[in-house]
1. Roll a 1.4 Å probe over the protein heavy atoms and report the accessible area of Asp100 in Å², nearest 10.
2. Along the Cα-to-C-beta direction of Lys23, a point sits 7 Å from the Cα; which residues of the range 73-102 have their amide N less than 16 Å from that point?
3. Give the angle, between 0 and 90 degrees and rounded to the nearest 10, that separates the Cα long axis of helix 4-23 from the longest principal axis of the Cα atoms of the chain.
4. Once amide H atoms are built 1.01 Å from N in the peptide plane, which residues 5 or more positions from Ile148, or in another chain, come under 5 Å H to H?
5. May I ask you to derive the FRET efficiency for Asp100 and Asn60 from their Cβ-Cβ distance with R0 = 22 Å, giving the value to the nearest 0.05?
6. Nearest 10 degrees, 0 to 90: what angle lies between the long axis of helix 51-74 and the longest principal axis of the chain (Cα atoms)?
7. Whole-Hz Karplus ³J(HN,Hα) for the range 152-169, in order, using 6.51 cos²θ - 1.76 cosθ + 1.60 and θ = phi - 60°, x for Gly and Pro?
8. Determine the dipole magnitude for the chain: charges of +1 sit on the beta-carbon of Lys and Arg, -1 on that of Asp and Glu, nothing else is charged, the reference point is the Cα centre, and the result goes in debye to the nearest 20.
Amino acid sequence: MLTKAERTSQFIIETVAPIFNRKGYAATSLSDLTEATGMTKGAIYGNFKNKEELALAALNHNIRKLVKKVEDQISTTQSPVQKLFIITNFYRFYNDYTRDFGGCPVLNIGIDASNQHEILMERVRYVISKLQKSISDIIDDGKARNEIKPTVNSEAYARRIFAMIEGAAFVSHTMQDNQYMKEMMNHIDQMILQELKK
(Lines give C-alpha, C1' and ligand atoms only; values in the text may rest on other atoms or scores of the structure.)
Protein backbone atom coordinates (compact mmCIF):
# COMPACT_ATOMS: atom_id res chain seq x y z
CA MET A 1 0.00 0.00 0.00
CA LEU A 2 1.52 3.30 -1.11
CA THR A 3 1.59 6.28 1.22
CA LYS A 4 -0.03 9.53 0.15
CA ALA A 5 3.43 11.02 -0.61
CA GLU A 6 4.34 7.97 -2.73
CA ARG A 7 1.05 8.20 -4.63
CA THR A 8 1.68 11.88 -5.28
CA SER A 9 5.21 11.20 -6.52
CA GLN A 10 3.93 8.43 -8.79
CA PHE A 11 1.22 10.71 -10.19
CA ILE A 12 3.79 13.40 -10.95
CA ILE A 13 6.15 10.93 -12.66
CA GLU A 14 3.41 9.32 -14.77
CA THR A 15 2.07 12.73 -15.79
CA VAL A 16 5.35 14.39 -16.73
CA ALA A 17 7.17 11.36 -18.22
CA PRO A 18 5.63 11.81 -21.71
CA ILE A 19 6.46 15.54 -21.61
CA PHE A 20 10.15 15.00 -20.86
CA ASN A 21 10.23 12.25 -23.50
CA ARG A 22 8.71 14.47 -26.21
CA LYS A 23 10.35 17.80 -25.41
CA GLY A 24 13.63 16.79 -23.78
CA TYR A 25 15.17 18.00 -20.54
CA ALA A 26 16.13 21.56 -21.48
CA ALA A 27 12.93 22.34 -23.41
CA THR A 28 10.63 21.09 -20.64
CA SER A 29 9.75 24.15 -18.61
CA LEU A 30 8.43 24.47 -15.09
CA SER A 31 5.16 25.76 -16.51
CA ASP A 32 4.88 22.56 -18.60
CA LEU A 33 5.13 20.56 -15.38
CA THR A 34 2.75 22.67 -13.29
CA GLU A 35 0.19 22.87 -16.10
CA ALA A 36 0.22 19.11 -16.74
CA THR A 37 0.01 18.10 -13.07
CA GLY A 38 -2.21 20.94 -11.86
CA MET A 39 0.27 21.38 -9.02
CA THR A 40 2.41 24.29 -7.88
CA LYS A 41 6.19 24.40 -8.21
CA GLY A 42 6.45 23.96 -4.44
CA ALA A 43 4.22 20.88 -4.50
CA ILE A 44 6.23 19.28 -7.30
CA TYR A 45 9.61 20.02 -5.76
CA GLY A 46 8.32 18.97 -2.37
CA ASN A 47 8.44 15.47 -3.86
CA PHE A 48 11.61 15.80 -5.95
CA LYS A 49 14.83 17.63 -5.14
CA ASN A 50 15.00 19.34 -8.52
CA LYS A 51 14.17 19.07 -12.22
CA GLU A 52 17.07 16.70 -12.81
CA GLU A 53 15.81 14.15 -10.27
CA LEU A 54 12.32 14.35 -11.79
CA ALA A 55 13.69 13.91 -15.33
CA LEU A 56 15.63 10.80 -14.24
CA ALA A 57 12.51 9.38 -12.57
CA ALA A 58 10.52 10.08 -15.75
CA LEU A 59 13.12 8.33 -17.92
CA ASN A 60 13.17 5.32 -15.59
CA HIS A 61 9.37 5.18 -15.70
CA ASN A 62 9.30 5.16 -19.51
CA ILE A 63 12.05 2.53 -19.70
CA ARG A 64 10.26 0.29 -17.19
CA LYS A 65 7.05 0.48 -19.26
CA LEU A 66 8.97 -0.59 -22.34
CA VAL A 67 10.97 -3.37 -20.67
CA LYS A 68 7.94 -4.82 -18.85
CA LYS A 69 5.99 -5.13 -22.08
CA VAL A 70 8.86 -7.00 -23.77
CA GLU A 71 9.54 -9.18 -20.72
CA ASP A 72 5.87 -10.15 -20.43
CA GLN A 73 5.94 -11.40 -24.01
CA ILE A 74 9.33 -13.12 -23.71
CA SER A 75 8.18 -15.00 -20.61
CA THR A 76 5.65 -16.94 -22.71
CA THR A 77 8.37 -19.24 -24.11
CA GLN A 78 11.48 -21.11 -22.94
CA SER A 79 13.02 -21.17 -26.42
CA PRO A 80 15.83 -18.59 -26.83
CA VAL A 81 15.32 -18.45 -30.61
CA GLN A 82 11.61 -17.77 -30.11
CA LYS A 83 12.50 -15.07 -27.57
CA LEU A 84 14.58 -13.33 -30.25
CA PHE A 85 11.64 -13.51 -32.65
CA ILE A 86 9.35 -12.11 -29.94
CA ILE A 87 11.72 -9.14 -29.60
CA THR A 88 11.65 -8.42 -33.35
CA ASN A 89 7.88 -8.81 -33.44
CA PHE A 90 7.53 -6.38 -30.53
CA TYR A 91 9.59 -3.79 -32.38
CA ARG A 92 7.56 -4.21 -35.57
CA PHE A 93 4.81 -2.35 -33.71
CA TYR A 94 7.08 -0.26 -31.50
CA ASN A 95 6.07 3.09 -32.99
CA ASP A 96 2.40 2.34 -32.27
CA TYR A 97 3.22 1.42 -28.69
CA THR A 98 5.48 4.40 -27.93
CA ARG A 99 3.38 7.03 -29.75
CA ASP A 100 1.35 7.79 -26.59
CA PHE A 101 4.41 8.77 -24.61
CA GLY A 102 6.36 10.50 -27.36
CA GLY A 103 8.48 7.84 -29.04
CA CYS A 104 11.46 5.74 -28.01
CA PRO A 105 12.76 7.02 -24.64
CA VAL A 106 16.27 5.60 -25.19
CA LEU A 107 16.54 7.38 -28.53
CA ASN A 108 14.84 10.63 -27.49
CA ILE A 109 16.70 11.18 -24.24
CA GLY A 110 19.97 9.86 -25.69
CA ILE A 111 19.88 12.47 -28.46
CA ASP A 112 18.61 15.22 -26.16
CA ALA A 113 21.18 14.60 -23.42
CA SER A 114 24.19 14.09 -25.67
CA ASN A 115 26.82 16.76 -24.88
CA GLN A 116 24.26 18.59 -22.74
CA HIS A 117 23.36 16.58 -19.67
CA GLU A 118 25.89 14.02 -18.48
CA ILE A 119 23.78 12.44 -15.71
CA LEU A 120 20.89 11.68 -18.08
CA MET A 121 23.36 10.51 -20.72
CA GLU A 122 25.00 8.12 -18.27
CA ARG A 123 21.58 6.68 -17.44
CA VAL A 124 20.83 6.14 -21.14
CA ARG A 125 24.21 4.41 -21.61
CA TYR A 126 23.46 2.18 -18.63
CA VAL A 127 20.04 1.25 -20.07
CA ILE A 128 21.55 0.47 -23.48
CA SER A 129 24.17 -1.76 -21.84
CA LYS A 130 21.48 -3.59 -19.87
CA LEU A 131 19.26 -4.09 -22.92
CA GLN A 132 22.20 -5.37 -24.98
CA LYS A 133 23.18 -7.73 -22.16
CA SER A 134 19.63 -9.11 -22.09
CA ILE A 135 19.90 -9.98 -25.78
CA SER A 136 23.40 -11.42 -25.26
CA ASP A 137 22.10 -13.58 -22.38
CA ILE A 138 19.32 -14.95 -24.60
CA ILE A 139 21.89 -15.86 -27.26
CA ASP A 140 24.13 -17.51 -24.62
CA ASP A 141 21.12 -19.48 -23.39
CA GLY A 142 20.44 -20.51 -26.99
CA LYS A 143 23.97 -21.87 -27.28
CA ALA A 144 23.57 -23.77 -24.00
CA ARG A 145 20.26 -25.24 -25.21
CA ASN A 146 21.78 -26.20 -28.57
CA GLU A 147 19.45 -23.83 -30.49
CA ILE A 148 22.14 -21.35 -31.53
CA LYS A 149 25.51 -22.09 -33.12
CA PRO A 150 28.27 -22.36 -30.49
CA THR A 151 30.63 -20.19 -32.57
CA VAL A 152 28.30 -17.15 -32.43
CA ASN A 153 29.76 -14.15 -30.60
CA SER A 154 26.84 -13.32 -28.30
CA GLU A 155 27.95 -9.81 -27.34
CA ALA A 156 28.73 -8.79 -30.93
CA TYR A 157 25.35 -9.97 -32.18
CA ALA A 158 23.56 -8.32 -29.26
CA ARG A 159 25.23 -5.00 -30.14
CA ARG A 160 24.37 -5.47 -33.81
CA ILE A 161 20.73 -6.33 -33.15
CA PHE A 162 20.28 -3.43 -30.73
CA ALA A 163 21.93 -0.94 -33.11
CA MET A 164 19.71 -2.11 -35.97
CA ILE A 165 16.61 -1.71 -33.83
CA GLU A 166 17.49 1.78 -32.60
CA GLY A 167 18.58 2.91 -36.07
CA ALA A 168 15.29 1.74 -37.53
CA ALA A 169 13.40 3.42 -34.66
CA PHE A 170 15.12 6.72 -35.46
CA VAL A 171 14.41 6.60 -39.20
CA SER A 172 10.83 5.35 -38.72
CA HIS A 173 10.11 8.15 -36.25
CA THR A 174 11.80 10.82 -38.36
CA MET A 175 10.07 9.77 -41.58
CA GLN A 176 6.78 8.92 -39.84
CA ASP A 177 6.85 5.61 -41.69
CA ASN A 178 6.83 2.32 -39.78
CA GLN A 179 7.87 0.40 -42.90
CA TYR A 180 11.52 1.08 -42.05
CA MET A 181 11.08 -0.70 -38.72
CA LYS A 182 9.15 -3.62 -40.20
CA GLU A 183 11.72 -4.18 -42.93
CA MET A 184 14.60 -4.05 -40.44
CA MET A 185 12.85 -6.57 -38.16
CA ASN A 186 12.42 -8.86 -41.19
CA HIS A 187 16.14 -8.48 -41.86
CA ILE A 188 17.02 -9.35 -38.24
CA ASP A 189 14.73 -12.40 -38.44
CA GLN A 190 16.65 -13.59 -41.48
CA MET A 191 19.92 -13.01 -39.65
CA ILE A 192 18.66 -15.11 -36.73
CA LEU A 193 17.67 -17.94 -39.07
CA GLN A 194 20.76 -17.86 -41.26
CA GLU A 195 23.55 -16.80 -38.89
CA LEU A 196 22.45 -17.71 -35.35
CA LYS A 197 20.04 -20.65 -35.44
CA LYS A 198 21.68 -24.06 -35.38
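The values are calculated or read from the model by the stated rules, or taken from the named source; none is laboratory data. Keep in mind that what you see is a predicted model, and the values were worked out from it rather than measured. Reconstructed Cβ throughout: ideal geometry from the backbone, glycine too, with neighbour counts over all protein chains shown. To get the accessible areas, we keep the full protein, side chains included, count just its heavy atoms, and leave off ligands, DNA and RNA. Shrake-Rupley method; radii C 1.70, N 1.55, O 1.52, S 1.80 Å.
1. 120
2. Flagged as within label range: 101-102.
3. 70
4. Lys143, Lys198
5. 0.80
6. With both axes taken from Cα atoms, the answer is about 30 degrees.
7. 5, 7, 4, 5, 5, 5, 5, 4, 4, 4, 5, 5, 4, 5, 5, x, 5, 4
8. Here the chain has a charge dipole of around 300 debye.
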